[in-house]
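The values are calculated or read from the model by the stated rules, or taken from the named source; none is laboratory data. Because the structure is a prediction, the values reported are computed rather than measured. All Cβ positions, glycine included, derive from the backbone under ideal geometry; neighbour counts span all protein chains shown.
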Amino acid sequence: MPKSQEQEVRKVYIYSRVAELEKFAVKDGAIMAYSGHVNQQADAYIRENFYHWFVMIPGEDITKGFHTEDEFNRYIETIGIQDPDWQTPDDAFDTFLKTGCLDWFPDCK
């Protein structure tokens, strides 16, 4: 592989999961997530440009990452979402243990 292509390849970081999830929200088929995590083993360029805000819409095969909260908020407004109802993973787990449901589960009361 030519050196210039090799350098470009190193600038790509594959997100296979949202590490150290701090908060998330689910609304209208969209899953939104935030994590302040940065992979310290990644190249400096990638560490400086790490995504922290995410939107996944499984029904439409959409996954997007954003560097800033402003970018994230602008995007979710385009899909009709404002002010997500954020919760921590621990809070969601506690709710599920108590009720067996979460707000976005179909037919769950």
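Could you list, in sequence order, the residues of region 79-98 that are surrounded by 13 or more Cβ atoms within 10 Å (Cβ to Cβ), aliphatic (A, V, I, L, M) and in a helix (DSSP H, G or I)?
Matches in region 79-98: Ala92 only.
For Pro84, state whether it is in contact with a Lys or Arg (Cβ under 7 Å, 6 or more places away or on another chain) and either of a type in the set (Ser, Thr, Tyr) or at pLDDT 90 or above (or both). I'd like the intermediate steps shown before the answer.
Values: in contact with a Lys or Arg (Cβ under 7 Å, 6 or more places away or on another chain): yes; either of a type in the set (Ser, Thr, Tyr) or at pLDDT 90 or above (or both): yes.
Yes.
Any residue at all in region 65-78 that is touching a residue at least 12 places away in the same chain (Cβ under 8 Å), part of a strand (DSSP E or B) and within 14 Å of the chain's Cα centre (by Cα)? Outline the logic, then answer.
If we filter region 65-78 for residues that are touching a residue at least 12 places away in the same chain (Cβ under 8 Å), which is where we start, we get 65-69, 71-72, 75-76.
From the residues that got through so far, the ones that are part of a strand (DSSP E or B) too are 65-66.
This time we only want the ones that are within 14 Å of the chain's Cα centre (by Cα), so: 65-66.
There is at least one residue in region 65-78 that is touching a residue at least 12 places away in the same chain (Cβ under 8 Å), part of a strand (DSSP E or B) and within 14 Å of the chain's Cα centre (by Cα).
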